[in-house]
Amino acid sequence: MRPRPAPGVPDQTVVVARAAFPKGSPAMSARDELADVFGDEQFAAAFGTRGAPAESPGALALVTVLQYLENLTDRQAGLMVARAIDWKYALGLELADPGFDPSVLSKFRARLVEHGLEQVVFDKMLEVLAAKGMVGAGGKQRTDSTHVASAVRDLNRLELAGESVRACLEALAAAAPDWLASVIEVSEWSTRYGARVDSWRLPTSATKRERLAQLYGGDALALLRAIHAETAPPWLPELPAVQVLHAMLIQNYYIHTNARGREVISRREPEEHGLPPAHHRLSSPYDTDARWAAKGEDLFWCGYKLHLTETCYTADDTADHGNDGDHGNDHGNDGDKAEPAVRCEPDQPDPRRPNLITNVATTASTVPDVKMTTPIHRELARRHLLPAEHYVDSGYPCAEVIEQAHRQFGLTLVTPALLDTSRQARAGDGFDKTAFTIDWQTRQVRCPKGQSSATWSPARQRGTEVIVVKFDTATCRACPVRDQCTTAARGGRQLTLRPQQLHQALARARAEQTTDTWKSKYAIRAGAEATIHQAVTTGGMRRARYRGLPKVALQHAFAATAINLIRLHEWWTRPPLHSARKASHLTRLNHALAA
């Protein structure tokens with residue numbers, strides 16, 4: 001690959017495109033405003049310096065973004081390159097150019113994943129937008145997550161066992177057919193595993209299903225023993241399908257010797273033998289990164305989780321950071337087009353600044369939101385886009401995260417902290433932790449009746465540093481309000497506290513979120529739901545197109561780039577009265593009377 005600048009747009013293509021799209025299109029805006037995002041140089045690490053010339057990776061990246069913008073398949077995207085006038089304008093092609101074979105897009109994605117370049121286009125877009133003054137550090141940002149279904153079929157444990165054996169046989173039949181024919185009865189095994197397990201109806205009888213499960217397990221064990229035998233090719237255990245089969249056998253089967261000394265293989269039962277934790281448990285032999293997860297009582301899915309972070313400017317931000325009207329001139333529009341036709345109230349979305357996605361993170365479905373708060377902050381810091389205030393829901397914070405966000409990243413995490421879950425706090429009747437006075441210097445806690453604690457013991461519970469405070473048994477037993485404080489049959493009241501810094505940070509957050517000012521301020525986080533909706537309906541982000549976490553992350557990064565392009569195009573080309581037309585007649589009358 002030899003990096004070269006984007007070709008100029010042929011005159012005939014310009015004339016036809018401008019006539020067909022007098023107001024432009026996202027593809028044309030990508031060419032006119034964001035041409036630097038799709039340069040070839042950023043992909044140099046993924047291509048060699050010798051061999052046949054490659055298709056321009058910058059052009060392929062642009063096609064991929066437009067593909068996600070319109071939610072197209074590779075074949076449909078290839079046809080659009082050949083026949084869509086605005087796409088030809090964006091790529092600088094002649095009207096008669098036939099484009100390229102769509103299989104190039106698949107190879108391009110595989111090359112990006114292989115070299116860790118999944119987010120290079122997304123990062124470059126933010127870099128270009130930062131240079132234009134469209135994004136930057138400070139201000140407000142919000143984050144929300146959504147579930148992503150995997151591209152493979154959901155399998156139960158019985159189907160997983162049979163399909164894992166079948167996938168391994170398919171790999172061995174392609175890699176070592178002669179060896180495989182020498183260790184199994186091909187005709188017999190072909191009858192059982194020639195067709196996909198989900199292509200025929202499994203038996204409904206519990207006895208027959210158990211017998212089939214034992215058959216699958218016995219076949220898997222026999223096949224793995226043949227693979228690890230001294231006479232087998234030494235490279236067979238390295239095949240991914242073999243490793244998947246080995247993991248499936250360990251996770252789903254229990255091998256033991258019965259009273260007669262015979263080897264017995266049976267399915268693992270959760271109560272008797274235990275099952276691996278969800279973040280290790282395989283769900284499909286064809287996507288080893290997909291995991292089963294649940295959210296609440298109604299949502300169950302096999303796949304991944306997506307976290308989107310976006311800016312959420314308000315009128316206050318514009319007042320603090322200056323008017324953005326100049327940006328309209330930077331993009332070739334009249335400056336007054338960046339001014340809103342309707343005055344926006346403080347703490348309300350500001351139409352003068354487009355909300356743009358600044359971070360996209362894809363994880364396994366079993367990773368809790370709280371584990372992603374700090375990594376998201378690190379990514380924003382790497383891009384120099386850390387906000388002053390970060391709005392998230394209650395799944396993202398904990399005491400450590402709130403304190404670390406302020407200490408390490410210098411931002412305020414605006415979030416409803418989880419409340420005290422003690423019996424007294426839940427019931428609202430009795431003495432919870434807030435009723436006790438803590439003296440951190442003397443390591444003493446005083447109860448509402450003025451009694452001091454007996455012990456102060458730093459400890460670790462489930463890997464977390466805590467302080468266990470206990471009151472004397474005799475003191476609590478004689479207390480007249482003991483029923484409002486503890487129900488312990490033996491011993492006195494016991495409190496579990498976090499270290500001072502974390503305890504105070506959590507206490508401040510819990511106290512602040514009860515105020516009307518905080519509730520009004522936090523309302524802006526609800527806009528993240530609209531971004532999730534746009535990501536699902538426009539970019540198809542809730543269903544993975546590909547298998548494996550790296551490729552799903554690539555899909556989400558390009559889809560987020562496409563959403564930013566949609567928002568930027570709308571902002572660059574909207575008419576001056578755009579905001580006024582969205583307002584109701586009553587709202588416009590109110591503003592007219594106020595003026």
Flagged in region 424-467 as within 18 Å of Pro499 (Cα to Cα) and among the charged types (D, E, K, R), in numbering order, are Asp432, Lys433, Asp439, Arg443, Arg446, Arg460, Arg462, Glu465
Neighbours by Cβ (under 7 Å, 6+ apart or cross-chain): first from region 1-30, in contact (Cβ under 8 Å) with a residue 12 or more places away in the chain and surrounded by 14 or more Cβ atoms within 10 Å (Cβ to Cβ); second among the aromatic types (Phe, Trp, Tyr) and in a loop (DSSP other than H, G, I, E, B): Met1/Phe47; Met28/Phe21
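Going through Thr487, Thr475 one at a time, which residue ends up being open to solvent by 40 Å² or more (accessible area, probe 1.4 Å), in contact (Cβ under 8 Å) with a residue 60 or more places away in the chain, more than 17 Å from Thr415 (Cβ to Cβ) and not in a strand (DSSP E or B)?
On the way: Thr475 fails: in contact (Cβ under 8 Å) with a residue 60 or more places away in the chain.
Residue meeting the stated conditions: Thr487.
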Restricting region 501-530 to residues that are in contact (Cβ under 8 Å) with a residue 24 or more places away in the chain and open to solvent by 60 Å² or more (accessible area, probe 1.4 Å), which is nearest to Thr146 (Cα to Cα)? Glu529
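Using the structure shown, decide if His280 is open to solvent by 60 Å² or more (accessible area, probe 1.4 Å) and touching a residue at least 24 places away in the same chain (Cβ under 8 Å).
Criteria met by His280.
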Residue list for region 261-312, filter: within 22 Å of Cys168 (Cβ to Cβ), part of a loop (DSSP other than H, G, I, E, B) and not polar (S, T, N, Q): Arg268, Leu275, Pro276, His280, Arg281, Leu282, Pro285, Tyr286, Asp287, Asp289, Ala290
If I filter region 300-317 for residues that are modelled with pLDDT of 85 or more, over 29 Å from Phe558 (Cβ atoms) and of a type outside the set (S, T, N, Q), do I get at least one hit? no
Return the pairs, sorted by first residue and then second, in which the second residue is among the aliphatic types (A, V, I, L, M) and exposed (fewer than 11 other Cβ atoms within 10 Å of the Cβ), the first residue lies in region 454-466 and is in a strand (DSSP E or B), the beta carbons are less than 9 Å apart, and the residues are 6+ apart or on different chains. Glu465/Ala459; Val466/Ala459
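Condition (residue is among the hydrophobic types (A, V, I, L, M, F, W, C), touching an Asp or Glu at 6+ places or on another chain (Cβ under 6 Å) and either open to solvent by 70 Å² or more (accessible area, probe 1.4 Å) or touching a residue at least 60 places away in the same chain (Cβ under 8 Å) (or both)) applied to region 298-313: is it met by at least one residue?
Our first condition is that a residue be among the hydrophobic types (A, V, I, L, M, F, W, C); within region 298-313, this holds for 299-302, 306, 308, 312.
Imposing the further condition that a residue be touching an Asp or Glu at 6+ places or on another chain (Cβ under 6 Å) reduces the set to 302.
With the extra rule that they be either open to solvent by 70 Å² or more (accessible area, probe 1.4 Å) or touching a residue at least 60 places away in the same chain (Cβ under 8 Å) (or both), the set shrinks to 302.
Checked against the condition, which is being among the hydrophobic types (A, V, I, L, M, F, W, C), touching an Asp or Glu at 6+ places or on another chain (Cβ under 6 Å) and either open to solvent by 70 Å² or more (accessible area, probe 1.4 Å) or touching a residue at least 60 places away in the same chain (Cβ under 8 Å) (or both), region 298-313 yields at least one hit.
Taking the criterion of being at pLDDT below 60 and more than 28 Å from Lys519 (Cβ to Cβ), would at least one residue in region 346-369 satisfy it?
Going through region 346-369, the residues at pLDDT below 60 turn out to be 346-351.
Then drop every residue that is not more than 28 Å from Lys519 (Cβ to Cβ), which leaves none.
Taking every residue of region 346-369 in turn, none turns out to be at pLDDT below 60 and more than 28 Å from Lys519 (Cβ to Cβ).
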Return the only residue of Arg192, Arg268, Arg260, Arg209 being modelled with pLDDT under 85 and basic (Lys, Arg). Arg260
Among the residues of region 429-472, which ones are open to solvent by 80 Å² or more (accessible area, probe 1.4 Å) and charged (D, E, K, R)? Asp429, Arg443, Arg446, Lys449, Arg460, Arg462, Glu465, Lys470
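When only residues in region 376-392 that are aliphatic (A, V, I, L, M) and outside any helix (DSSP H, G or I) count, which is surrounded by the fewest Cβ atoms within 10 Å (Cβ to Cβ)?
So the first thing to find is which residues in region 376-392 are aliphatic (A, V, I, L, M), and the list is 376, 380-381, 385-386, 388, 392.
The next check asks that each one be outside any helix (DSSP H, G or I); those that pass are 385-386, 388, 392.
Details: Leu385: 22, Leu386: 22, Ala388: 14, Val392: 28.
Once the filter is applied, the top-ranked residue is Ala388.
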Looking for something surrounded by fewer than 18 Cβ atoms within 10 Å (Cβ to Cβ) and more than 19 Å from Thr146 (Cβ to Cβ) - is there at least one such residue anywhere in region 531-547? yes
Report whether or not Asp40 is open to solvent by 40 Å² or more (accessible area, probe 1.4 Å), within 23 Å of Glu55 (Cβ to Cβ) and of a type in the set (D, E, K, R). no
Can you name the condition, by its number, that Trp571 falls short on among (1) modelled with pLDDT of 85 or more; (2) open to solvent by 70 Å² or more (accessible area, probe 1.4 Å)? (2)
Name the pairs: first residue in region 254-274 and on the phi < 0 side of the Ramachandran plot, second residue in a loop (DSSP other than H, G, I, E, B) and among the basic types (Lys, Arg), Cβ to Cβ under 8 Å, at least 6 apart or on different chains? Tyr254/Arg268
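The values are calculated or read from the model by the stated rules, or taken from the named source; none is laboratory data. Since the structure is predicted, the reported quantities are computational estimates derived from the model, not experimental observations. Counting neighbours? That spans all protein chains shown, and the Cβs are built from the backbone with ideal geometry, glycine included. Remember, those area values only see protein heavy atoms, side chains included, never the ligands or the DNA or RNA. Shrake-Rupley method; radii C 1.70, N 1.55, O 1.52, S 1.80 Å.
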